[in-house]
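Chemist: Can you keep this structure in mind? I'll have questions shortly.
No lab work stands behind these numbers, since they all come straight from the coordinates. Every value quoted in this text rests on a predicted model; they were computed, and no experiment measured them. All Cβ positions, even for glycine, are placed from backbone atoms using ideal geometry, and neighbour counts span all protein chains on display.
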Amino acid sequence: AIDSKPRQLSPDEISILVDLAALVSKEMQMREVLLSHARSEQAIQAMEDIEARFRTIFERAGIGIAMVAPDGGWLRVNDALCQIVGYSQDEFIKLTFQDITHPDDLNTDLSLLQQLINNDIDHYQLEKRYITKSGRSVWIDLIVTKKLSINGELEYFISIIKNIREQKEAEASL
């Protein structure tokens, strides 16, 4: 409240001004809360958009992508990987990478994985064979890296898998 000349206020007028000040203060606090809430909603929406983009990229990638637990269990696999090996996503989750790795290639893979866990290397790439659901071998090019928590603890491995069967067949025919 602004006035153009000094006044002597009555106790009732002072009471009214105090009530007005309280109302204005509450209104400002409410606006701050609403603004903060709107910012939170915007942040939540932005995170949901990022998650949706990640899911789309993960699922629609033309190569196999998987998140693998430290014990070798499949946490998440995309459709391209399912097509390479012939398992459904539900079937995959019940397996480990050791279950579908060709026995002749398993020790090399496990050795490289241990080096990755020990921080001797930050990723590895390997040509190896998976055993498909039908029991056939399929050659793949595998790239593995790891995802660490904020505390530096191993959360999971990220695997990129490309089917190189045709390339290997061409090499063999030469």
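Chemist: Extending each Cα 7 Å along its Cβ direction at Glu166 and Ala43, get the distance between those two points in nm, one decimal.
Modeler: Rounded to a tenth, the inter-label distance reads 4.8 nm.
Chemist: Hey, got a sec? Which GluC sites (Glu not before Pro) in the stretch 44-92 land in a DSSP loop and have at most 13 other Cβ atoms within 10 Å? Display every interim value, and only then the final one.
Modeler: Details: sites: Glu48, Glu51, Glu59, Glu91; in loops: none.
Of the GluC sites (Glu not before Pro), not one in the loops of the stretch 44-92 has a Cβ with at most 13 other Cβ atoms within 10 Å.
Chemist: Whole angstrom only: what separates the Cα centroid of the stretch 13-67 from the Cα centroid of the stretch 113-174?
Modeler: With the stretch 13-67 and the stretch 113-174 each reduced to a Cα centre, they are spaced 41 Å.
Chemist: Also, quick follow-up: For the chain, what does -39500 (n - 2.57) per DSSP helix run (n ≥ 4), summed and divided by total residues, give at 222 nm, in deg cm²/dmol to the nearest 500?
Modeler: The helix-only estimate for the chain comes to -17000 deg cm²/dmol at 222 nm.
Chemist: Would you list, by chain and number, the aspartates and glutamates whose Cα falls below 15 Å from the Cα of Lys168, excluding same-chain residues fewer than 8 positions away?
Modeler: Result set, ordered by chain and number: Glu127, Asp141.
Chemist: Please report, in debye to the nearest 20, how large the charge dipole of the stretch 95-139 is about its Cα centre when each Lys and Arg carries +1 at its beta carbon and each Asp and Glu carries -1 there.
Modeler: Dipole size: approximately 300 debye.
Chemist: Something else about it: Given the options Leu17, Leu110, Leu35, state which has the largest fluctuation in a GNM of the chain using a 10 Å cut-off (strictly under) for Cα springs.
Modeler: Leu17
Chemist: List the longest stretch of the chain that has no exposed loop site; here a site is one of the trypsin sites (Lys or Arg not before Pro) assigned by DSSP to anything other than H, G, I, E or B, with at most 16 other Cβ within 10 Å.
Modeler: Values: sites that count: Arg7, Lys94, Lys133, Arg136.
Answer - 8-93.
Chemist: I want to verify a result. In a Gaussian network model of the chain, Cα cutoff 10 Å, which of these has the top mean-square fluctuation: Gly64, Gly72, Gly135?
Modeler: Gly135
Chemist: While we're on this one: Please give every one of the aspartates and glutamates within straight-line cross-link reach of Lys146, meaning a C-alpha to C-alpha distance under 14 Å, and leave out same-chain neighbours fewer than 8 residues apart.
Modeler: Asp71, Asp120, Asp122, Glu155
Chemist: I'd like to verify something in the chain: which complete DSSP H helices, judged by Cα projection on the helix axis, reach 18 Å or more and average at least -0.5 on the Kyte-Doolittle scale? Could the numbers behind the result be given before it?
Modeler: On the way: long enough: 11-60 (73 Å, -0.09); 103-117 (21 Å, -0.04).
Flagged H segments are 11-60, 103-117.
Chemist: Along the positive direction of the dipole of the stretch 63-124 (beta-carbon charges: Lys, Arg +1; Asp, Glu -1; about the Cα centre), which of Thr101, Asn118, Asn78 reaches farthest?
Modeler: Asn78
Chemist: What are the residues whose amide H is under 5 Å from the amide H of Arg76, where those residues sit 5 or more places off or on another chain and H is modelled from the backbone?
Modeler: Distant-sequence amide H within range of Arg76: Met67.
Chemist: Listed here are the pairs Lys94/Lys162; Lys128/Lys162; Lys94/Lys133; which of them are more than 19 Å apart at the Cα? Present the calculation step by step, with values, prior to reporting the outcome.
Modeler: Details: Lys94/Lys162 22 Å; Lys128/Lys162 11 Å; Lys94/Lys133 13 Å.
From the list (Lys94/Lys162; Lys128/Lys162; Lys94/Lys133), the Cα-Cα distance tops 19 Å for Lys94/Lys162.
Chemist: Follow-up question, since we're still on this one. Treat every Asp and Glu Cβ in the stretch 1-152 as -1 and every Lys and Arg Cβ as +1, leave all other atoms uncharged, and give the resulting dipole magnitude about the Cα centre to the nearest 20 debye.
Modeler: My answer is approximately 160 debye.
Chemist: If you take the square roots of the eigenvalues of the alpha-carbon gyration tensor of the chain and sort them as a ≥ b ≥ c, do you get rounded (a/c under 1.5), prolate (a/b over b/c) or oblate? List each step's numbers first, then the result.
Modeler: Working: a/c = 4.84, a/b = 3.73, b/c = 1.30.
In terms of gyration-tensor shape, prolate.
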